[in-house]
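Q: First, the structure itself, so that you have it in front of you.
The values are calculated or read from the model by the stated rules, or taken from the named source; none is laboratory data. Please read these numbers as outputs of a predicted model, since none were measured by experiment. Here the Cβ is made from the backbone with ideal geometry for all residues, glycine too, and neighbour counts use every protein chain on show.
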Amino acid sequence: MGGVISWLFGHGEVHENPVLAELERRAQEQQQAIDAAAAEQAKAEEARRMAEDAARQSDEQRAKFEEESRRQEEGRLRAEEARRRAEDEYQRADADRRAAEDQRKRAEDDARRAGEERTKAEAEARKAQDEQQKADTARQEADKRAADARTAREKAEKELRDGIQPIVIPTLAQFRETKLRLQYREGLFHFAIAGNSGSGKSSLINAFRGLRSKDSGAAAVGVVETTSVIARYPDSNPANPFVWYDVPGAGTLSIPDWQYFTDQGLYIFDCIIVLFDNRFTVTDVAILRNCAQFQIPTYIVRSKSKQHIQNVAEDMADEPDAEDLERARELYVRETRASVARNLEAAKLPAQRVYLVDKESLVRVMKMKSKPDKPPRGLLDEMELLQDLFGEARRRRVVEAEVESQAAESVASQAIRGALGSIFRLS
């Protein structure tokens, strides 16, 4: 890096984007929770099958017991008959009496074995009943989880009908697809400029890259926006680890403006510049709200400021002089800041600075070779915007000293984890 970037941005190793890392970890936890729920359902189904097998075995044991009881009763009757024959024919041989006694003993053995089988069958029946109760409990818990999920879905649908805008968390698949689609690269800073067609996005992207519209590699200007696809522009200086993105407005899309943030993948950017020309849109507000939830820095910028000041001055006088231009500048700054404050308050968003810039002034600053002793004449907020933009990016992701970086990373990580944790709890 060189020139103005060197003193605005400095040097250092670029860390992984903590927002993306946390989102990816959360998405993985979400996928693991889904897999765990499926495993629990499979275990409940296996318990139910085992309970059915146990019940079937219990029925077989009961039938066996009944058959054994029937045989026992037959043996008892035979023993009784033998005893009667022994009593009636006592004087017939001792051998017959001993045979009858042996038969009685066998009958008793059969009865004992039958009793043991009955006890075993009853124990198996109790075990089968316990397994059935466990299966019933598992099924009831699964039914409850399904009912809770249905209740949550109905609540979300009701909130949508009532106009409550949800926070849409990207899935792990969406997260990976977005990084691939927008050509996200580790070690680079990804800056997005969002705004409706005609707000001056292409000119501002060129200015940030130190280019004018006629320069080679400049984004085309004055072209009517007809697509919702995000355009990617590398920095004009290969030594600068920056990539710039043109995010189209969502004013003509059929999806809700809050869904546009996730569908377009705006959560991967290091910061988002919300650019407007004359007025805020619902999409601008939605981007600011979602960025606040995801801890993504935003910068509200009004473009074409010198032209607006000239228009205000011409409304004051037919041929405005330097004094008229100064009064027009003060009025323009005051009214723009008041308008942005009203829009933020109406959207229930915290107060935020608005930067008033002109593309030509921004190009001049970006082309400076070294830090000036004092700001060049004719600037509005161009210098402050660059200092805040690059300073925040550097603070969040650049390492200068090991101890300092660990402390800064710890503070930033805790803040981001806290914010993202609240999002996942609310979602």
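Q: Please state which one of 285, 312 is over 30 Å from residue 23 (Cβ atoms), modelled with pLDDT under 90 and of a type outside the set (Asp, Glu). Working first, answer last.
A: Numbers: 285 fails: over 30 Å from residue 23 (Cβ atoms).
The unique qualifying residue is 312.
Q: Mind counting the residues in region 342-371 that are surrounded by fewer than 16 Cβ atoms within 10 Å (Cβ to Cβ), within 30 Å of the chain's Cα centre (by Cα) and part of a helix (DSSP H, G or I)?
A: 2
Q: A further question on this structure: Please work out which one of (1) in a helix (DSSP H, G or I); (2) touching a residue at least 24 places away in the same chain (Cβ under 8 Å); (3) surrounded by fewer than 16 Cβ atoms within 10 Å (Cβ to Cβ); (4) not aliphatic (A, V, I, L, M) is the condition residue 289 fails and give its number.
A: It fails just one condition, (3).
Q: Hey, does region 60-70 have a residue that's part of a helix (DSSP H, G or I), among the basic types (Lys, Arg) and surrounded by 12 or more Cβ atoms within 10 Å (Cβ to Cβ)?
A: yes
Q: Related question: Testing residue 263 on (1) buried (at least 20 other Cβ atoms within 10 Å of the Cβ); (2) at pLDDT below 90, one condition comes back false. Which one is that?
A: Failing condition for residue 263: (1).
Q: Would you mind telling me which numbered condition in (1) of a type outside the set (Lys, Arg); (2) over 23 Å from residue 259 (Cα atoms); (3) touching a strand residue (DSSP E or B) at 6+ places or on another chain (Cβ under 9 Å) residue 215 fails?
A: Result: residue 215 passes all but (3).
Q: Within region 293-323, count every residue that is in a helix (DSSP H, G or I) and either outside the structural domain of residue 360 (by TED's automatic domain parsing) or not aromatic (Phe, Trp, Tyr) (or both).
A: Of the residues in region 293-323, 15 are in a helix (DSSP H, G or I) and either outside the structural domain of residue 360 (by TED's automatic domain parsing) or not aromatic (Phe, Trp, Tyr) (or both).
For (1) under 30 Å from residue 294 (Cα atoms); (2) in contact (Cβ under 8 Å) with a residue 60 or more places away in the chain; (3) in a helix (DSSP H, G or I), each residue gets a yes or a no:
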{"residue": "21", "(1), (2), (3)": "yes, no, yes"}
{"residue": "26", "(1), (2), (3)": "yes, yes, yes"}
{"residue": "84", "(1), (2), (3)": "no, no, yes"}
{"residue": "107", "(1), (2), (3)": "no, no, yes"}
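Residue by residue, here is whether (1) over 25 Å from residue 15 (Cβ atoms); (2) touching a Pro at 6+ places or on another chain (Cβ under 6 Å); (3) at pLDDT below 85; (4) not in a loop (DSSP other than H, G, I, E, B) holds:
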{"residue": "178", "(1), (2), (3), (4)": "no, no, no, yes"}
{"residue": "186", "(1), (2), (3), (4)": "no, no, no, no"}
{"residue": "190", "(1), (2), (3), (4)": "no, no, no, yes"}
{"residue": "193", "(1), (2), (3), (4)": "no, no, no, yes"}
{"residue": "199", "(1), (2), (3), (4)": "yes, no, yes, no"}
{"residue": "206", "(1), (2), (3), (4)": "yes, no, no, yes"}
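Q: Kindly provide the set of residues from region 317-329 that are touching a residue at least 12 places away in the same chain (Cβ under 8 Å) and either more than 22 Å from residue 377 (Cβ to Cβ) or basic (Lys, Arg) (or both), ordered by number. Working first, answer last.
A: So the first thing to find is which residues in region 317-329 are touching a residue at least 12 places away in the same chain (Cβ under 8 Å), and the list is 325, 327-329.
Answer for region 317-329, where residues must be touching a residue at least 12 places away in the same chain (Cβ under 8 Å) and either more than 22 Å from residue 377 (Cβ to Cβ) or basic (Lys, Arg) (or both): 327, 329.
Q: A further question on this structure: Please give the number of the condition residue 43 fails out of (1) surrounded by fewer than 15 Cβ atoms within 10 Å (Cβ to Cβ); (2) more than 60 Å from the chain's Cα centre (by Cα).
A: Unmet condition: (2).
Q: Considering each residue of region 225-260, count those that are more than 18 Å from residue 201 (Cα to Cα) and at pLDDT 85 or above, and give that number.
A: 5
Q: Looking at the structure I just gave you, is residue 16 closer than 30 Å to residue 234 by Cβ, of a type outside the set (S, T, N, Q) and outside any helix (DSSP H, G or I)?
A: Here the answer is yes, as residue 16 does meet what is asked.
Q: Which condition number does residue 12 fail, the rest of (1) within 60 Å of the chain's Cα centre (by Cα); (2) over 30 Å from residue 383 (Cβ atoms) being met?
A: (2)
Q: Further, regarding this structure: Evaluate the following for residue 156: is it at pLDDT below 85, closer than 30 Å to residue 63 by Cβ, among the hydrophobic types (A, V, I, L, M, F, W, C) and assigned to a helix (DSSP H, G or I)?
A: In short, no.
Q: Can you tell me which residues in region 271-282 are at pLDDT 90 or above and either at positive phi or surrounded by fewer than 22 Cβ atoms within 10 Å (Cβ to Cβ) (or both)?
A: 271
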